[in-house]
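A.B. asks: Structure incoming, see below.
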Amino acid sequence: MTIATEIVTARKLGVKYVTPVVPRRAVLAMAEYHPPLAGRDALRLDFNENTFAASPKVIERLREVTAEGLTKYPEREGVERIAAAHFGLQADQVLLTNGVDEAIHLVCTAFLEEDDEALIATPTFFMYDVSVSMMTAHLQRVQSDATLEFPFERFIEAITPKTKLVLVASPNNPTGAVVSREHLLAICGAAPQAVVMIDEAYYHFHGETTIGDVATVPNLIVARTFSKAYGLANLRIGMLAGNADLLKYVRKVCSPYNVNGVALDCLPVALEDDAYVQWYAEQVHAGRERMVDGLRELGVDFFPSQANFVLMKIGAKHAELVEAMRARGVLLRDRSTDPGCDGYVRITIGVEEHVTRGLAALKESLAEIGWAR
Ligand code: PMP
């Protein structure tokens, strides 16, 4: 394609040019993900973050950061060894990443050719769409039915000899639905030619994992984040666990300095403070129970969730609810544009006080907008 035809194609896609330089066709066609990046100075029940704090031990470690320390490039290897030992893995079975967002991107970069297929079940985390579509136009989506549960049988049927990457979040975002370990391993078995990446970002709020299977399942990669239960979203640190032969290729496409040194300094302390993470997970378990009881009382239908959020069925007044909540200083995430999610709004579950505030604001807001089931 010449530059001129590229520009015509780009214009058809609605891209306005201020420069004659064109990006790759895949980038032109790529899905865009624009979560709000400003104006979130409120009780943030919109991003599934830890609503409270990181471990006090991490904060102590942060106080030890020095000006001299900031001059140095980060050293990932030692911390990778510590993380591997923590999860019962070998050092070469672990890669620390700049959050799971980067991990997804690296896996797509390492494994997807432009004629390969990638497979996801929708609705799910939108970054899969973004990172896959940078590499290939062949993202296959299997839509869940109205229950928003994982469509296991149809998912298995959608695997083809061209399937090179399978991405499954369990618990899933935005639904909170989970996929059993048995089903996840069946997917690995049904697609031996593909990398199967299980995204366990919300592991702590559910408790089931396939991380122990990476030594024996050659095409399995498990992603974990420290952004949620650990409360370190702002440090940007996540992890891939997988067969060493697979991770070798991911390491190849990864910057040696992808994770900053402050995050690396904090990770061993965060991992050691198991009691803190357990406390936070217990807050979420109790808060989730209170939230769903409160929703039942308010007459709001919702999807059963094993994560630190609940997807509510609001209906036509979804945007009005989000605005009414914002006016009360509480942010929610409208998921209406996700496939099969019209009228659905997600609320994050945090510590007790934040669940109380969230529920009180919900009650007032639903009354204010004249909401009825
Ligand atoms: N995976 C899922 C399923 C998520 O919901 C999120 C956060 N929204 C991420 C990954 C990203 O995690 P991180 O902060 O580690 O990039």
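The values are calculated or read from the model by the stated rules, or taken from the named source; none is laboratory data. As the structure is a computational prediction, the values presented were derived from the model and not from experiment. Here the Cβ positions follow ideal geometry from the backbone for every residue, glycine too, while neighbour counts run over all protein chains shown.
A.B. asks: Just need a number here: residues in the stretch 135-188 that are surrounded by fewer than 20 Cβ atoms within 10 Å (Cβ to Cβ) and either small (Gly, Ala, Ser) or at pLDDT below 95 (or both).
C.D. replies: So the count comes out to 5.
A.B. asks: Of the residues that sit in the stretch 108-127 and are within 12 Å of the ligand (Cβ to nearest atom) and touching a residue at least 60 places away in the same chain (Cβ under 8 Å), which one is farthest from Ser255 (Cα to Cα)?
C.D. replies: Filtering first and then ranking leaves Pro123.
A.B. asks: Taking the stated definitions as given, is Val22 more than 16 Å from the ligand (Cβ to nearest atom), over 22 Å from the mean Cα position of the chain (by Cα) and modelled with pLDDT under 90? Show your work before the answer.
C.D. replies: On the way: more than 16 Å from the ligand (Cβ to nearest atom): yes; over 22 Å from the mean Cα position of the chain (by Cα): yes; modelled with pLDDT under 90: yes.
Yes.
A.B. asks: Also, I was wondering about something else. State whether the residues of the stretch 246-255 include one that is without any contact (Cβ under 8 Å) to a residue 40 or more places away in the chain and either of a type in the set (A, V, I, L, M) or surrounded by fewer than 18 Cβ atoms within 10 Å (Cβ to Cβ) (or both).
C.D. replies: So far as the stretch 246-255 goes, yes, one or more of its residues are without any contact (Cβ under 8 Å) to a residue 40 or more places away in the chain and either of a type in the set (A, V, I, L, M) or surrounded by fewer than 18 Cβ atoms within 10 Å (Cβ to Cβ) (or both).
A.B. asks: Out of the residues in the stretch 184-207 that are of a type outside the set (A, V, I, L, M, F, W, C) and farther than 20 Å from Asn243 by Cβ, which is farthest from the ligand (Cβ to nearest atom)?
C.D. replies: Taking the stretch 184-207 first, the residues of a type outside the set (A, V, I, L, M, F, W, C) are 189, 192-193, 199-200, 202-204, 206-207.
Add one more test, that the residue is farther than 20 Å from Asn243 by Cβ, and what stays is 202, 204, 206-207.
Details: Tyr202: 7, His204: 13, His206: 12, Gly207: 16 Å.
Here the answer is Gly207.
A.B. asks: Now for a separate question. Would you confirm, using the coordinates I've provided, whether Ser365 is under 24 Å from Tyr203 (Cα atoms) and touching a residue at least 24 places away in the same chain (Cβ under 8 Å)?
C.D. replies: Spelling it out, it is not the case that Ser365 is under 24 Å from Tyr203 (Cα atoms) and touching a residue at least 24 places away in the same chain (Cβ under 8 Å).
A.B. asks: List the pairs whose first member sits in the stretch 77-104 and is closer than 15 Å to Cys254 by Cα and at pLDDT 95 or above, whose second member is of a type in the set (Asp, Glu) and assigned to a helix (DSSP H, G or I), and whose Cβ atoms are under 6 Å apart, counting only residues at least 6 apart or on separate chains?
C.D. replies: Going by the 6 Å Cβ cut-off, the qualifying pairs are Val94/Glu80; Leu96/Glu80.
A.B. asks: On the given criteria, is Ala372 over 29 Å from Ala121 (Cβ atoms) and at pLDDT below 95?
C.D. replies: For Ala372, the condition - over 29 Å from Ala121 (Cβ atoms) and at pLDDT below 95 - is met.
A.B. asks: Test Asp46 against the criterion of being within 16 Å of the ligand (Cβ to nearest atom), within 30 Å of Arg357 (Cβ to Cβ) and assigned by TED's automatic domain parsing to the domain that holds Met325, and give yes or no.
C.D. replies: yes
A.B. asks: Quick check on Arg236: is it within 16 Å of the ligand (Cβ to nearest atom), of a type in the set (D, E, K, R) and touching a strand residue (DSSP E or B) at 6+ places or on another chain (Cβ under 7 Å)?
C.D. replies: no
A.B. asks: Identify all residues within the stretch 88-107 that are crowded, with 19+ Cβ neighbours inside 10 Å, part of a helix (DSSP H, G or I) and away from the ligand (no atom under 16 Å from the Cβ); write none if there are none.
C.D. replies: Gln93
A.B. asks: For the stretch 51-87, which residues satisfy the criterion of being more than 22 Å from Ala281 (Cβ to Cβ), within 23 Å of the chain's Cα centre (by Cα) and not in a helix (DSSP H, G or I)?
C.D. replies: Arg76
A.B. asks: When you scan the stretch 89-104, do you find a residue that is within 21 Å of the chain's Cα centre (by Cα), closer than 26 Å to Arg25 by Cβ and not aliphatic (A, V, I, L, M), even just one?
C.D. replies: yes
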